[in-house]
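S.K.: Can you keep this structure in mind? I'll have questions shortly.
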Amino acid sequence: MRESLKDLFSTSFVESFAIKVKKKYPAFNTEQFKSLIHDEAWEAEEFKQRIRHITHALTGTLPLSYVEALEVLYEVAPECRGIEHLFIPDFVEVNGMEDFERSMQALQFFTQFSTSEFAVRPFIIREQDKMIAQMTEWAQSDNEHVRRLASEGCRPRLPWGQQLPELIRDPGPVLPILTLLKEDKSLYVRKSVANHLNDISKDHPELVLDLAGKWYGGHPLTDWIVRHALRTLLRRGDVRALAIFGYEELEETMEVASLQVKRPVIAVGEDLEFSFMLINGSDQVSSLRIDYEIGYMKANGKQAPKRYKCSDKMYAPGGHKVTKKQSFKVISTRRFYPGEHSLDILVNGKRMASVSFVLEE
């Protein structure tokens, strides 16, 4: 059973890939290739390090000519799908920085089988204006993978990717690209546009809110993008973000009562189960976004809050019982520390109720 992403690059994977290359390029030295990969550094390397390691092994065994090496990879790429083959576009990043046009053609082709979203970033840093023009062209492609690359490749804070400082400072140049994609029929592309705007909202919330206000209500596909693009601002209770979706400032007749946890003491690996009563004391149906916030105990003895969506719907006048549970099972992205934690309920961004509970080892 695979334990981590780096284990995708098993001995059998390397062997299989070498065979694929050999079929397309008979002069390929498979033994040298495998020897360059399985050196003294290999075992300690993580996923991205192994990608670059394989890239260097390919560079040492494919034709010395960049043009001829690309010809081999063009033949091999359609048989190499998935993130484990990111070293193919990475080959362009490592070897093709001085051959812009040929490298762009290669990245456009390779992204259809793995993704070129990481490999384009050094090109953007070096020649941003030229790359914005290229990505504007990609945004109009018939291929959804290429259109997604137009957005994902220039996300300023792409996870796993090199940050783009100039676009973090001023995201204006990418907005026309995102506008071209705002009604894209592909969910794969729309997710990228939403994530891109969510990235921008962390540095330029007003810019994204202005854009969202103009876009929302224009097309159902665009509305989906806007809702997902504003998720961070919605979780923060941003008044403008809430107003775009019709979440009004709460009346005094709205109340959260009887917030309680099923067990005040839970252990790591268990679920926190809780419930409360939402009371709409008005005579009107209200559009409400309910979030809950966990104050996680940290190693320094202080709490760090994280907010989660509970519900997002219309609530009729009267009382409504809400039940929820939050897992405290061990996961790779969060470490749990014992001690007192807090649970808060927020409605339309307003903190309405709070209770404490204890997490034990």
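S.K.: How about the range 11-34: which of its residues are open to solvent by 40 Å² or more (accessible area, probe 1.4 Å) and within 30 Å of T333 (Cβ to Cβ)?
M.R.: Passing the criteria: T11, S12.
S.K.: Name the single residue, out of those in the range 111-137 being open to solvent by less than 10 Å² (accessible area, probe 1.4 Å) and out of contact with any Cys (no Cβ under 7 Å at 6 or more places or on another chain), that is nearest to Y74 (Cα to Cα). Before the answer, list the steps.
M.R.: We begin by selecting, within the range 111-137, every residue open to solvent by less than 10 Å² (accessible area, probe 1.4 Å); these are 111, 116, 119-121, 123-124, 131, 135.
Adding the requirement that they be out of contact with any Cys (no Cβ under 7 Å at 6 or more places or on another chain) leaves 111, 116, 119-121, 123, 131.
Working: T111: 12, S116: 14, A119: 16, V120: 17, R121: 21, F123: 20, M131: 22 Å.
Looking at residues that are open to solvent by less than 10 Å² (accessible area, probe 1.4 Å) and out of contact with any Cys (no Cβ under 7 Å at 6 or more places or on another chain), I get T111.
S.K.: Same structure, new question: Residues in the range 1-39 that are of a type outside the set (A, V, I, L, M, F, W, C) and in a loop (DSSP other than H, G, I, E, B): how many?
M.R.: First pass over the range 1-39, keeping only residues of a type outside the set (A, V, I, L, M, F, W, C): 2-4, 6-7, 10-12, 15-16, 20, 22-26, 29-32, 34-35, 38-39.
With in a loop (DSSP other than H, G, I, E, B) added as a condition, the list becomes 2-4, 10, 25-26, 29, 38-39.
Here the count works out to 9.
S.K.: Being under 27 Å from E183 (Cβ atoms) and either open to solvent by less than 10 Å² (accessible area, probe 1.4 Å) or touching a residue at least 60 places away in the same chain (Cβ under 8 Å) (or both) is the filter here; which residues of the range 94-109 pass it? Spell out the reasoning first.
M.R.: Applying the first criterion (under 27 Å from E183 (Cβ atoms)) to the range 94-109 yields 104, 107-109.
Within the range 94-109, M104, L107 qualify.
S.K.: When you go through (1) open to solvent by 20 Å² or more (accessible area, probe 1.4 Å); (2) on the phi > 0 side of the Ramachandran plot; (3) assigned to a loop (DSSP other than H, G, I, E, B) one by one for S258, which number turns out not to apply?
M.R.: (3)
S.K.: Kindly indicate the residue of the range 35-55 that is in contact with a helix residue (DSSP H, G or I) (Cβ under 7 Å, 6 or more places away or on another chain) and under 10 Å from F87 (Cα atoms) and also most open to solvent (accessible area, probe 1.4 Å) among those meeting that condition.
M.R.: Once the filter is applied, the top-ranked residue is R52.
S.K.: May I pose another question? Would it be correct to say that L64 is in the same structural domain as G161 (by the TED database) and in contact with a helix residue (DSSP H, G or I) (Cβ under 7 Å, 6 or more places away or on another chain)?
M.R.: Considered against the rule, which asks whether it is in the same structural domain as G161 (by the TED database) and in contact with a helix residue (DSSP H, G or I) (Cβ under 7 Å, 6 or more places away or on another chain), L64 comes out as no.
S.K.: Within the range 274-298, restricting attention to residues that are among the charged types (D, E, K, R) and either assigned to a loop (DSSP other than H, G, I, E, B) or open to solvent by 40 Å² or more (accessible area, probe 1.4 Å) (or both), which residue is nearest to S327 (Cα to Cα)?
M.R.: First, the residues of the range 274-298 that are among the charged types (D, E, K, R): 283, 289, 291, 293, 298.
Still in the running and either assigned to a loop (DSSP other than H, G, I, E, B) or open to solvent by 40 Å² or more (accessible area, probe 1.4 Å) (or both): 283, 298.
On the way: D283: 36, K298: 17 Å.
It comes out as K298.
S.K.: Could you list, in sequence order, all residues of the range 149-199 that are of a type in the set (A, V, I, L, M, F, W, C) and assigned to a loop (DSSP other than H, G, I, E, B)?
M.R.: Within the range 149-199, C154, L158, W160, L164, L181 meet the criteria.
S.K.: Quick one: how many residues across the range 264-273 are surrounded by 13 or more Cβ atoms within 10 Å (Cβ to Cβ) and touching a residue at least 60 places away in the same chain (Cβ under 8 Å)?
M.R.: Residues that pass the stated criteria total 4.
S.K.: Here's something else I'd like to know. Among the numbered criteria (1) farther than 22 Å from L234 by Cβ; (2) among the basic types (K, R); (3) assigned to a strand (DSSP E or B), which one does K329 miss?
M.R.: (3)
S.K.: Open to solvent by 70 Å² or more (accessible area, probe 1.4 Å), at pLDDT below 95 and at negative phi, is that true of E71?
M.R.: Here the answer is no, as E71 does not meet what is asked.
S.K.: Please tell me if V330 is of a type in the set (A, V, I, L, M) and more than 28 Å from the chain's Cα centre (by Cα).
M.R.: Numbers: of a type in the set (A, V, I, L, M): yes; more than 28 Å from the chain's Cα centre (by Cα): no.
No; evaluated as a whole, the condition is false for this residue.
S.K.: Could you tell me whether any residue of the range 308-323 is at pLDDT 95 or above, open to solvent by 40 Å² or more (accessible area, probe 1.4 Å) and closer than 24 Å to T232 by Cα?
M.R.: Yes, the range 308-323 contains at least one residue that is at pLDDT 95 or above, open to solvent by 40 Å² or more (accessible area, probe 1.4 Å) and closer than 24 Å to T232 by Cα.
S.K.: Anything in the range 142-161 that is closer than 19 Å to F100 by Cα and either without any contact (Cβ under 8 Å) to a residue 12 or more places away in the chain or surrounded by fewer than 24 Cβ atoms within 10 Å (Cβ to Cβ) (or both)? List them, or say none.
M.R.: Residue satisfying the conditions is V146 alone.
The values are calculated or read from the model by the stated rules, or taken from the named source; none is laboratory data. Keep in mind that what you see is a predicted model, and the values were worked out from it rather than measured. Ideal geometry is used to build each Cβ from the backbone, glycine not excepted, and the neighbour counts take in all protein chains shown. The area values use the complete protein model at the heavy-atom level, side chains included, leaving out ligands, DNA and RNA. Shrake-Rupley method; radii C 1.70, N 1.55, O 1.52, S 1.80 Å.
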